[in-house]
1. Inside the range 46-72, can you point out the residues that are open to solvent by less than 30 Å² (accessible area, probe 1.4 Å), more than 12 Å from the chain's Cα centre (by Cα) and of a type outside the set (Lys, Arg)?
2. Restricting attention to the range 79-98, does a residue exist that is open to solvent by 60 Å² or more (accessible area, probe 1.4 Å) and either among the aromatic types (Phe, Trp, Tyr) or in contact with a strand residue (DSSP E or B) (Cβ under 6 Å, 6 or more places away or on another chain) (or both)?
3. Examine the range 108-122 for a residue that is part of a loop (DSSP other than H, G, I, E, B), touching a helix residue (DSSP H, G or I) at 6+ places or on another chain (Cβ under 6 Å) and either of a type outside the set (A, V, I, L, M, F, W, C) or farther than 13 Å from Pro40 by Cβ (or both), and state whether such a residue exists.
4. Within the range 171-192, how many residues are within 21 Å of Leu90 (Cβ to Cβ), open to solvent by less than 70 Å² (accessible area, probe 1.4 Å) and within 18 Å of the chain's Cα centre (by Cα)?
5. Scan the range 12-19 and tell me whether some residue there is of a type in the set (A, V, I, L, M, F, W, C) and exposed (fewer than 12 other Cβ atoms within 10 Å of the Cβ).
6. Could you tell me which numbered condition Leu210 fails, if it satisfies all but one of (1) without any contact (Cβ under 8 Å) to a residue 60 or more places away in the chain; (2) open to solvent by less than 50 Å² (accessible area, probe 1.4 Å); (3) more than 29 Å from Pro20 (Cβ to Cβ); (4) out of contact with any helix residue (DSSP H, G or I) (no Cβ under 8 Å at 6 or more places or on another chain)?
7. Pairs under 6 Å by beta carbon, first residue modelled with pLDDT under 95 in the range 1-28, partner assigned to a loop (DSSP other than H, G, I, E, B) and open to solvent by 50 Å² or more (accessible area, probe 1.4 Å), six or more apart or different chains?
8. Kindly indicate the residue of the range 111-137 that is surrounded by fewer than 20 Cβ atoms within 10 Å (Cβ to Cβ) and in contact with a Ser or Thr (Cβ under 6 Å, 6 or more places away or on another chain) and also nearest to Gly63 (Cα to Cα) among those meeting that condition.
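The values are calculated or read from the model by the stated rules, or taken from the named source; none is laboratory data. These figures come from a predicted structure and were not determined experimentally. Every residue, glycine as well, gets a Cβ built from its backbone with ideal geometry; the counts of neighbours run over all protein chains shown. The area values use the complete protein model at the heavy-atom level, side chains included, leaving out ligands, DNA and RNA. Shrake-Rupley method; radii C 1.70, N 1.55, O 1.52, S 1.80 Å.
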Amino acid sequence: MEVKIEASWKERLQAEFDKPYFEMLIHFVRNEYATRTIYPPGKLIFNAFDQCPFDRVKVVILGQDPYHEPGQAHGLCFSVNDGIPFPPSLQNIFKEISVDLGSPSPSSGNLLRWAAQGVLLLNATLTVCAHAAGSHQNKGWETFTDAVIHCLAEEKQHVVFILWGSYAQQKGAFIDASKHLVLKSPHPSPLSAHRGFFGNKHFSKANDYLVRTGQTPVNW
């Protein structure tokens with residue numbers, strides 16, 4: 001099956017694209033885009049991969065599904081387009097970065113600047129229907145993104161996996177913590193951020209590990 005995705009990812013994920021579940025998934029997604037308002041725009045479904053080739057991945061942040069209001073989603077978890085107000089979880093992420101690293105809050109919620117440094121911003125589900133959170137769950141995306149995480153965990157070493165909330169932690173439960181750094185805390189959502197997301201120091205911990213393993217730290 002022909003999927004438009006960055007070449008290094010295409011090479012590693014072609015076996016997934018050829019599986020029956022993925023063909024069914026693509027059929028479902030195409031029909032959804034043809035008949036309803038779906039986010040992100042179709043050309044940005046695989047944007048996280050396109051912006052962060054396999055060989056450059058050193059940090060993975062795992063989200064659940066895309067933002068579902070107009071203009072927000074552009075294919076990277078937690079990230080919004082330039083000029084879009086910060087959603088609550090992203091506000092809390094920036095608050096924690098500010099406290100952890102002593103850096104000022106950015107003016108844009110567009111996290112392409114992280115992707116360019118090797119941060120894969122991966123949602124478990126890559127599409128969503130407008131105004132309907134979770135509407136494309138259990139259609140096959142989770143199987144695909146599980147394969148992505150397996151590929152990274154098995155083929156690479158010294159990747160930082162950042163798992164916020166029980167959903168992400170279950171999805172990353174198989175990652176070998178002796179081979180990678182696995183950081184876990186509650187989700188940055190306003191519902192849970194005060195239960196341990198604030199103060200988790202994941203950004204400094206990630207950078208310390210990257211430096212210890214001979215990699216360049218991320219400018220968060």
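1. Within the range 46-72, the subset open to solvent by less than 30 Å² (accessible area, probe 1.4 Å) is 46-49, 52-54, 57-63, 66.
Narrowing the set further to residues that are more than 12 Å from the chain's Cα centre (by Cα) leaves 53-54, 58.
Within the range 46-72, Pro53, Phe54 qualify.
2. Quick first cut of the range 79-98, residues open to solvent by 60 Å² or more (accessible area, probe 1.4 Å) only: 82-83, 85, 88, 91, 95.
Next, from what is left, pick out any that are either among the aromatic types (Phe, Trp, Tyr) or in contact with a strand residue (DSSP E or B) (Cβ under 6 Å, 6 or more places away or on another chain) (or both): none.
Checking the range 79-98: not a single residue is open to solvent by 60 Å² or more (accessible area, probe 1.4 Å) and either among the aromatic types (Phe, Trp, Tyr) or in contact with a strand residue (DSSP E or B) (Cβ under 6 Å, 6 or more places away or on another chain) (or both).
3. Just the residues of the range 108-122 that are part of a loop (DSSP other than H, G, I, E, B), to begin with: 108-111, 116-118.
Those left that are additionally touching a helix residue (DSSP H, G or I) at 6+ places or on another chain (Cβ under 6 Å): 109, 118.
Applying the additional criterion that residues be either of a type outside the set (A, V, I, L, M, F, W, C) or farther than 13 Å from Pro40 by Cβ (or both) yields 109, 118.
Yes - at least one qualifying residue is present in the range 108-122.
4. Here is the first cut: in the range 171-192, the residues within 21 Å of Leu90 (Cβ to Cβ) are 171-172, 183-192.
Now narrow it down to the ones that are open to solvent by less than 70 Å² (accessible area, probe 1.4 Å): 171-172, 183, 185-189, 192.
Subset that is within 18 Å of the chain's Cα centre (by Cα): 171-172, 183, 185-189.
Of the residues in the range 171-192, 8 are within 21 Å of Leu90 (Cβ to Cβ), open to solvent by less than 70 Å² (accessible area, probe 1.4 Å) and within 18 Å of the chain's Cα centre (by Cα).
5. Of the range 12-19, the ones of a type in the set (A, V, I, L, M, F, W, C) are 13, 15, 17.
Filter once more, keeping what is exposed (fewer than 12 other Cβ atoms within 10 Å of the Cβ): 15.
Among the residues of the range 12-19, at least one is of a type in the set (A, V, I, L, M, F, W, C) and exposed (fewer than 12 other Cβ atoms within 10 Å of the Cβ), which makes the answer yes.
6. It fails just one condition, (1).
7. Final answer for the pair search is Met1/Asp18.
8. The residue in question is Gln137.
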